[in-house]
1. Select from the stretch 1-32 the residues that are in contact with a Lys or Arg (Cβ under 7 Å, 6 or more places away or on another chain) and not aliphatic (A, V, I, L, M) and list them in ascending order.
2. Would you check which residues across the stretch 330-353 are touching a Cys at 6+ places or on another chain (Cβ under 9 Å), among the acidic types (Asp, Glu) and either within 16 Å of the ligand (Cβ to nearest atom) or not assigned by TED's automatic domain parsing to the domain that holds Tyr314 (or both) and list them?
3. Go through Ser204, Ser210 for me and flag whichever is among the hydroxyl-bearing types (Ser, Thr, Tyr), more than 22 Å from Ser350 (Cβ to Cβ), surrounded by fewer than 18 Cβ atoms within 10 Å (Cβ to Cβ) and free of Cβ contacts under 8 Å to residues at least 40 places away in the same chain.
4. Out of the residues in the stretch 207-247 that are within 21 Å of the chain's Cα centre (by Cα) and part of a loop (DSSP other than H, G, I, E, B), state the one that is farthest from the ligand (Cβ to nearest atom).
5. Which helices (runs of 4 or more DSSP H) does the stretch 65-145 wholly contain that include 2 or more residues that are at negative phi, surrounded by 17 or more Cβ atoms within 10 Å (Cβ to Cβ) and not assigned by TED's automatic domain parsing to the domain that holds Ile227?
6. Specify the residue that is farthest from Tyr157 (Cα to Cα); the eligible residues are those in the stretch 312-328 that are within 12 Å of the ligand (Cβ to nearest atom) and modelled with pLDDT under 95.
7. Taking the condition within 20 Å of Asp320 (Cα to Cα), among the aliphatic types (A, V, I, L, M), crowded, with 17+ Cβ neighbours inside 10 Å and free of Cβ contacts under 8 Å to residues at least 40 places away in the same chain, does Ala242 pass?
8. Step by step: first the residues of the stretch 254-284, then only those that are more than 14 Å from the ligand (Cβ to nearest atom) and touching a Gly at 6+ places or on another chain (Cβ under 9 Å), then the one that is nearest to Val33 (Cα to Cα). Which residue is that?
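The values are calculated or read from the model by the stated rules, or taken from the named source; none is laboratory data. Worth saying up front: this structure is predicted, and the values here are computed from it rather than measured. Glycine also receives a Cβ, built like all others from the backbone with ideal geometry; neighbour counts cover every protein chain displayed.
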Amino acid sequence: MTQEELFKVLVAHCKEYGYIFPSSEIYDGLAAVYDYGQLGVELKNNIKQYWWQAMTRLNENIVGIDAAIFMHPKTWVASGHVAAFNDPLIDNKDSKKRYRADVLIEDYLSKIEDKINKEVEKGRKKFGESFDEQKFRETNPNVLREKAHYEQVHNRYVAAEQANDLAEYKQIILDCGIVCPLSGTKNWTDVRQFNLMFSTQFGSTGDDTSTVYLRPETAQGIFVDYINVQKTGRMKIPFGIAQIGKAFRNEVVARQFIFRMREFEQMEMEFFVRPGTEMEWFRNWKENRMKWHVNLGMGEENYRFHDHEKLAHYANAATDIEFRFPFGFKELEGIHSRTDFDLGNHQKLSGKKLQYFDPETNDSYVPYCVETSIGVDRMFLAVLSNSYKVETLENGETRTLLSLPAPLAPVKAAVLPLVKKDGLPEFAQKVMNELKYDFNCQYDEKDSIGKRYRRQDAIGTPFCITIDHESLNDNCVTVRERDTMAQTRVPVAELRALIDSKVNLTNLLRNL
Ligand code: ATP
């Protein structure tokens, strides 16, 4: 499915079932800003819980904070965002559409990779069992030609990035014949830099000194609170500070649903370590974070690391965890070794000591830091796009299904009286009362049972509990499992334990 097709289907599904709405939709929406509806907020909260508990409960040396969105403007000078938080943008003069020049080139490069992979697949089909992929990649003339082209463009791109050479970006776009997907032309403007931070006025004086920024990342709140947490929490290095909160970026391209938003949410953790040990911790967190993802059961093959060749101004090692979205592998989480860049600069600019006295080595230093940073919304999209399925049933009908990891599902169980009479609704209410303290449950008595099952499949409810006339005699109910549609008869007294075994977040955390 292409990105556009997928977004169309998901946007419609999310809206129809109360997962996500365009922001201020009655005024035709606001580009790249979205609201989470009644089910979306539950899924989002469950994702955040999974992350928060994994960080702060499973690691005795990680604590959480909730810093303010507004920060002293000097924060963003120290962090480098005022000077360097820019995207290279380019406009197509015919379609009047704006693009990120780096993204146009990266998309071009991944198309070459696709071509190479298609060649390999053709070879695999042709040669069958005797196919030697490595040899094929090293000798097939078509693959070699594409590879050489890839390397040539890639090297130019990396050099342009490193030199911040905007004219070279444009030249690469022209030389590769990259066209605007809308107009199909190569009629491009020059490439310009664009700062992504939103600014606003603080207080009522309205002069320049009152300009503040909406934070473009949550990390800086952690850095400026570092010394307070270290001292009051009596934290010993190595230790981490975790935070979940909103971030704001005036993104150039705003056509990617919740993949790239102007207001979004991040889950960030800064892990402070002794200088010289950061690479060990960087590897450690790479492994730890990958485990967290794979543990959700969405397929190990859908994740990969992408190590950075060009490092951000603050990093000495960096990797992305990429997820296989239906429109290709894209960044889901970033892991950076940020050195002492942030704390060091805050120390310089604020004039406050941010050093740590290490009782083990008997010396003082500004700690180094390894960061893990994941977007809640991007994680939401990963979970949603991986779970969305349209299945054809044996009778030829189709059902739309969200096979969400059960502990993340917004509604854990639906309680459904077969008919709206004969005491079944009353019995169902009793079941609701039994379960509602532990699980988010939905009661539904409208429409045929088949229709109700479909509605629950479409929102990803792991269990449907049906109460029929027999239930009044044997105190048993029918439990239908979402993915297999298998039905079993279960005594009401055993319901809680059965549901809990599948949906409990604790079990998921225990596997980490
Ligand atoms: P990209 O290259 O996609 O712009 P980035 O490298 O700028 O992302 P980071 O600054 O490393 O992203 O931010 C950490 C995480 O925050 C990302 O991995 C992503 O999950 C999330 N994120 C960043 N920008 C956005 C956005 N505009 N909308 C939604 N999530 C975002």
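1. Step one: list which residues in the stretch 1-32 are in contact with a Lys or Arg (Cβ under 7 Å, 6 or more places away or on another chain), which gives 21, 32.
Within the stretch 1-32, just Phe21 meets the criteria.
2. As a first pass, look at the stretch 330-353 and keep what is touching a Cys at 6+ places or on another chain (Cβ under 9 Å): 336-343.
Add one more test, that the residue is among the acidic types (Asp, Glu), and what stays is 340, 342.
Asp342 - this is the single residue of the stretch 330-353 that is touching a Cys at 6+ places or on another chain (Cβ under 9 Å), among the acidic types (Asp, Glu) and either within 16 Å of the ligand (Cβ to nearest atom) or not assigned by TED's automatic domain parsing to the domain that holds Tyr314 (or both).
3. Details: Ser210 fails: more than 22 Å from Ser350 (Cβ to Cβ).
Ser204 is the lone residue from the list that is among the hydroxyl-bearing types (Ser, Thr, Tyr), more than 22 Å from Ser350 (Cβ to Cβ), surrounded by fewer than 18 Cβ atoms within 10 Å (Cβ to Cβ) and free of Cβ contacts under 8 Å to residues at least 40 places away in the same chain.
4. For the stretch 207-247, the residue satisfying everything is Arg215.
5. Working: elements: 74-78, 81-84, 101-127, 133-139.
Fully inside the stretch 65-145 and qualifying: 101-127.
6. Kept after step one, since they are within 12 Å of the ligand (Cβ to nearest atom), are these residues of the stretch 312-328: 312, 314-315, 318-323, 325.
Now drop any that are not modelled with pLDDT under 95, which leaves 312, 314-315, 325.
Numbers: Ala312: 15, Tyr314: 20, Ala315: 20, Phe325: 24 Å.
Filtering first and then ranking leaves Phe325.
7. Details: within 20 Å of Asp320 (Cα to Cα): yes; among the aliphatic types (A, V, I, L, M): yes; crowded, with 17+ Cβ neighbours inside 10 Å: yes; free of Cβ contacts under 8 Å to residues at least 40 places away in the same chain: no.
The answer is no for Ala242.
8. So the first thing to find is which residues in the stretch 254-284 are more than 14 Å from the ligand (Cβ to nearest atom), and the list is 271-284.
From the residues that got through so far, the ones that are touching a Gly at 6+ places or on another chain (Cβ under 9 Å) too are 271-272.
Numbers: Phe271: 31, Phe272: 33 Å.
Applying the filter and picking the extreme gives Phe271.
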